[in-house]
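One structure is given below, encoded as structure tokens.
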Amino acid sequence: MRFRKKPVEVEAVQWDEPDGAYGLIDWADTAIDYDPHTSGPSNPLDGKDWGRLAVTTLEGEHVATPGDWLIRGVKGEFYFCKPDVFAATYEPVDGGERS
């Protein structure tokens with residue numbers, strides 16, 4: 001069987017700089033953990049380590065890679081999404097811009 005994703009609007013913010021993690025934490029106001037001194041996945045563009053940014057989901061802890069998008073889902077849940085999947089799945093609404 002084949003399925004099509006229903007059109008829904010979500011809010012999302014991209015982790016586009018190391019200190020941007022603090023903005024994600026403020027925006028989400030939820031169980032997001034950031035430690036700039038603990039090693040996390042490296043930035044795929046320059047190989048630098050931005051620290052460890054993670055969110056607790058119903059499926060367990062998800063650790064972000066620099067460039068990932070933090071999405072607030074339709075039920076208020078949060079999860080990270082890789083940039084290529086985000087670009088293939090979502091488009092800006094009402095003149096919103098993508099970073």
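Each value in this text was obtained by applying a stated rule to the coordinates, not by laboratory testing. Since the structure is predicted, the reported quantities are computational estimates derived from the model, not experimental observations. With ideal geometry, Cβ positions are generated from the backbone for all residues, glycine too; neighbour counts draw on all protein chains shown.
Summary table below
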read-out	value
The chain shape via C-alpha gyration tensor axes, a/c threshold 1.5	prolate
Full-stretch length increase - D29, V8 - with 0.36 nm per residue and alpha-carbon distance subtracted	5.4 nm
Total charge dipole magnitude, the stretch 11-89, about the Cα centre, Cβ charges on Lys, Arg, Asp, Glu only, Debye to nearest 20	180 debye
For the chain, built as a Gaussian network whose Cα springs stay under 10 Å, the top-fluctuating residue of W15, W69, W27	W27
Length released on extending from S39 to E61, taking residue separation times 0.36 nm less the Cα-Cα span	6.4 nm
Surrounding net charge for R72, when Lys and Arg each add one and Asp and Glu each subtract one, Cβ distance under 12 Å	-3
Over the chain, relative contact order from alpha-carbon pairs under 8 Å, at least 6 apart, %	25 percent
